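Colleague: Below are the structure tokens for one structure; questions will follow.
The values are calculated or read from the model by the stated rules, or taken from the named source; none is laboratory data. Bear in mind the structure is a predicted one, so any value in this text is a computation, not a measurement. Note that each Cβ is placed from the backbone with ideal geometry, even for glycine, and that neighbours are counted across all protein chains shown.
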Amino acid sequence: MIDIPEGLHSIQAYAVRRVDQPWPFAITHKEEIAQHWEQRKCENPKFFNGRVYIMIEASLQDGLLQGCVVETDFASSLYWRESGFADSSVVDCFAAAIILCADDALIYGRQAAGNVNAGLAYPPSGFLDPRDVRADGSVDLEASAAREVFEETGLTTVEIQRESGLLAVRQGPYLCIGVGFCSPLASAAFLETVTARLRDEHDPELEAMIVLKCQSDTELHPMRDYAKRIAQHVLAE
């Protein structure tokens, strides 16, 4: 059961664990998933059927987020998304990097064509996968956010620093865990640095970096509600 209300919540700590059990939805819809995957793979050869996690239980009480995730494949997750999130008992939980520059601007990216969120602006983020699970089965959301920053922008934790504080944003089938980071660069220099790195990549996941300086800037770019809520929470009017 996902017992987290819609909207934005501050959290002080989290305890998310992988549990070794199947996702019933993936078993029940195995044939439909296989057919859907063959079609989507032909339409988009960039898709890769890697291992990802779906959250089956979650609660938030007194600032503590607790949850359990199960392992599945990208094909099952994609079918779930594109069939209208038919299993309403689960959420796509993921960690997102909330990057603030020295001039208090917020950095988002716009995903390139061929990806699940193509054309949308969002804080650097991605699926939870086996790299985010420690040996004891606990899920490291902060490490997941840092990994996504590196994969999408090339920035390491030497160039951006972890900030205190966490956010949880529930938007229907999405549960975004916001992890704060700060850059010593002003937004113009940050944008120049990352844009140069994206130009050097053969197939970057992001097609552009976006600088948000005030809440109204969120109206200039298409984004999911959770991304807009984070920006409006962080930025001044």
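Colleague: If you check Asp136 against the conditions, is it assigned to a strand (DSSP E or B) and charged (D, E, K, R)?
Modeller: No; evaluated as a whole, the condition is false for this residue.
Colleague: Is there any pair with a first residue in the range 165-191 that is more than 21 Å from Asp132 (Cα to Cα) and a second that is in a strand (DSSP E or B) and not charged (D, E, K, R) whose Cβ atoms are under 6 Å apart and which are 6 or more apart or on different chains, and what are they?
Modeller: Cys182/Leu100; Cys182/Gln161; Ser187/Val211; Leu191/Met209; Leu191/Val211
Colleague: Assess whether Arg162 counts as being at pLDDT 95 or above and closer than 25 Å to Ala15 by Cα.
Modeller: Considered against the rule, which asks whether it is at pLDDT 95 or above and closer than 25 Å to Ala15 by Cα, Arg162 comes out as no.
The rows are residues; the columns are (1) touching a Gly at 6+ places or on another chain (Cβ under 6 Å); (2) of a type in the set (D, E, K, R); (3) at pLDDT 95 or above.
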site: Gly109; (1), (2), (3): no, no, no
site: Asn115; (1), (2), (3): no, no, no
site: Leu120; (1), (2), (3): no, no, no
site: Ala135; (1), (2), (3): no, no, yes
site: Val139; (1), (2), (3): no, no, yes
site: Glu148; (1), (2), (3): yes, yes, no
site: Pro204; (1), (2), (3): no, no, no
site: Met209; (1), (2), (3): yes, no, no
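Colleague: Consider Val90 carefully, then state whether it is in contact with a helix residue (DSSP H, G or I) (Cβ under 6 Å, 6 or more places away or on another chain) and in contact (Cβ under 8 Å) with a residue 12 or more places away in the chain.
Modeller: Values: in contact with a helix residue (DSSP H, G or I) (Cβ under 6 Å, 6 or more places away or on another chain): no; in contact (Cβ under 8 Å) with a residue 12 or more places away in the chain: yes.
In short, no.
Colleague: Restricting attention to the range 150-172, which residues are buried (at least 16 other Cβ atoms within 10 Å of the Cβ) and in a loop (DSSP other than H, G, I, E, B)?
Modeller: Answer for the range 150-172, where residues must be buried (at least 16 other Cβ atoms within 10 Å of the Cβ) and in a loop (DSSP other than H, G, I, E, B): Gly154, Leu155, Glu159, Ile160.
Colleague: Pull up the range 212-237, narrow it to residues that are farther than 24 Å from Val116 by Cβ and charged (D, E, K, R), then point me to the one that is nearest to the chain's Cα centre (by Cα).
Modeller: Lys213
Colleague: If Gly180 meets every condition in (1) surrounded by fewer than 22 Cβ atoms within 10 Å (Cβ to Cβ); (2) outside any strand (DSSP E or B); (3) touching an Asp or Glu at 6+ places or on another chain (Cβ under 7 Å) apart from one, which number is that one?
Modeller: Only one criterion in (1) surrounded by fewer than 22 Cβ atoms within 10 Å (Cβ to Cβ); (2) outside any strand (DSSP E or B); (3) touching an Asp or Glu at 6+ places or on another chain (Cβ under 7 Å) is unmet by Gly180, namely (2).
Colleague: For the range 187-237, how many residues are farther than 28 Å from Gly7 by Cα and among the acidic types (Asp, Glu)?
Modeller: The first filter runs over the range 187-237 and keeps only residues farther than 28 Å from Gly7 by Cα, leaving 188-204, 207.
Of the ones still in play, those that are also among the acidic types (Asp, Glu) are 192, 200-201, 203, 207.
Qualifying residue count, the range 187-237: 5.
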